[in-house]
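Below is one structure; the comments refer to it alone.
The values are calculated or read from the model by the stated rules, or taken from the named source; none is laboratory data. Here the structure is a predicted model, which means the values were calculated and not measured. Cβ atoms come from the backbone with ideal geometry, glycine included; neighbour counts cover every protein chain shown. These accessible areas exclude ligands, DNA and RNA; they are computed on the full protein's heavy atoms, side chains included. Shrake-Rupley method; radii C 1.70, N 1.55, O 1.52, S 1.80 Å.
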Amino acid sequence: MLLKGKVCIVTGAAGEKGIGLRTARLFYEHGASIVISDINEAACEKVRSEFDADRSMVVTGNVVSRDDCFSLAKAVMEKFGRIDVLVNNAGITQPVKFEEITPEDYDRILDVNLRGMMYMSQAVVPHMKQGGAGSIINTSSVSAQRGGGIFGGPHYSAAKAGMLGLGKAMARELGASGIRVNSVTPGLIATDITAGKLDDQMKAKILEGIPLARLGGPADVANAFLFLASDLSSYMTGTTLDVNGGMHIH
Ligand code: NAD
């Protein structure tokens, strides 16, 4: 039980096959009260009954809306009276080439991944400061480090790299308040983002570049989040943790 009594918010956490829901389930198993937030209302409805109502909250919301983010933090404080962990996990990608990126694409991808991280973090930080501690974890991507994963366009790489910079700056500023800020850079993880987009030939080619010779699963990333959320990582802030099977070693 690494998170007993902690209140943990995970954004983008209602998708059945996603990293976010796997994380919420793992945190719940470790004794946390979990707050699942997602823009997908139908998916939120589906997961609502899975958890004990006393130890969970499921809220439909958009991380690009500052109002939604602050309302969520307020509702969590009203129900649980504290916020210990935020996992900024909501994200979208788009596999397009550099010259094809439209202004609308750029705004959409940067907004959900990067602006969403900032708004949601701004919403929880005052409450973490009040509690004297907190852990914020950001879901970046190997795409930020190597200039593209497999499915993300250049604007996705830029957004995910921006998350690393924002996370490091937050770590410097918020450390004195007891708030740790770390990022995780997953490689290729089998979720809805990748579902149906890989034929056997593509998969074999990708696996040649992964020393551990398999795609990642949502649990691989959730386990890293658990480490960063818990006191096991109490002296870590401003770090980037690779969860990529060795796809990118640097
Ligand atoms: P996913 O599509 O299952 O999860 C993303 C979730 O975010 C969805 O449930 C979606 O409804 C939600 N979401 C989208 N826009 C939102 C918004 N504006 N506000 C709130 N929620 C919103 O895919 P996943 O693979 O589980 O992705 C989780 C995170 O991991 C993302 O940030 C993604 O960029 C990152 N990531 C994934 C991979 C991979 O290979 N799957 C690799 C590196 C990083």
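Stokes-Einstein at 37 °C, 0.692 mPa s, Kirkwood radius from Cα pairs: D for the range 79-127 in µm² s⁻¹? Diffusion coefficient, whole number: 259 µm²/s.
Of the GluC sites (Glu not before Pro) in the range 1-96, the ones in a loop by DSSP (not H, G, I, E or B) with at most 16 other beta carbons within 10 Å are GLU16, GLU50. Taken over the range 31-79, the alpha-carbon convex hull comes to 67 cubic angstrom per residue.
Among the listed pairs LYS168/LYS197; LYS17/LYS203; LYS160/LYS203; LYS46/LYS129; LYS79/LYS160; LYS79/LYS168, give every one whose C-alpha distance is greater than 26 Å. Correct reply: LYS168/LYS197; LYS46/LYS129; LYS79/LYS160; LYS79/LYS168. Which cross-chain or sequence-distant (5 or more) residues have an amide H under 5 Å from the amide H of VAL96, H modelled 1.01 Å from N in plane? Correct list: GLY153.
Surface composition of the range 141-250: carbon plus sulfur atoms hold 55% of the accessible area, using a 1.4 angstrom probe and ignoring ligands, DNA and RNA. The stretch between MET77 and ALA53, if pulled fully straight at 0.36 nm per residue, gains 7.1 nm over its current Cα-Cα span.
Under the Kirkwood approximation applied to all pairs of distinct alpha-carbon atoms, what is the hydrodynamic radius of the range 1-111 in Å?
Values: mean 1/r = 0.0680 Å⁻¹.
Taking the inverse mean of 1/r over all distinct Cα pairs, the range 1-111 comes out at 14.7 Å.
For the range 7-242, the solvent-accessible area of protein heavy atoms averages 46 Å² per residue (probe radius 1.4 Å; ligands and nucleic acids excluded). Over all Cα atoms in the range 147-194, the spread is summed up by Rg and Dmax: 13.5, 39 Å. When the P(r) of the range 156-250 is calculated, the portion above 23 Å amounts to 34% of the C-alpha pairs. Only Cα pairs within less than 10 Å get springs; with that Gaussian network setup on the chain, which residue of SER49, SER135, SER65 has the largest fluctuation? So, out of SER49, SER135, SER65, the one fluctuating most is SER49. Backbone phi angles across the range 241-250, fed through the Karplus curve with coefficients 6.51, -1.76 and 1.60 (θ = phi - 60°), yield HN-Hα couplings of 9, 7, 10, 9, x, x, 4, 9, 10, 9 Hz in residue order; Gly and Pro are listed as x. Computed on the range 197-250, with alpha-carbon pairs under 8 angstrom and 6+ residues apart, the relative contact order is 48 percent. Remark: C-alpha extents of the range 124-206 on the principal axes read 52, 21, 16 Å, sorted largest to smallest. Whole-Hz Karplus values for the range 163-174 come out as 4, 5, x, 4, x, 5, 5, 5, 4, 4, 6, 9 Hz, taken residue by residue from phi with 6.51 cos²θ - 1.76 cosθ + 1.60 and θ = phi - 60°; glycine and proline positions read x. The H on the amide N of VAL87, modeled in the peptide plane, is under 5 Å from the matching H of ILE9, VAL10, THR11, ILE137, each at least 5 residues off or on a different chain. Per-residue Karplus couplings for the range 52-59, computed as 6.51 cos²θ - 1.76 cosθ + 1.60 with θ equal to phi - 60°, are listed in order as 4, 4, 5, 10, 8, 8, 10, 10 Hz, Gly and Pro entered as x. Eigen-decomposition of the gyration tensor built on the alpha-carbon atoms of the range 7-242 gives equivalent ellipsoid semi-axes of 27, 19, 18 angstrom, largest listed first.
Pull out the extension gain between LYS197 and PHE70, defined as 0.36 nm times the separation in residues minus the alpha carbon to alpha carbon distance; nm, one decimal. Can you show the working numbers first?
Working: separation 127, 0.36 × 127 = 45.72 nm, distance 3.55 nm.
Residue separation times 0.36 nm, minus the Cα-Cα distance, leaves 42.2 nm.
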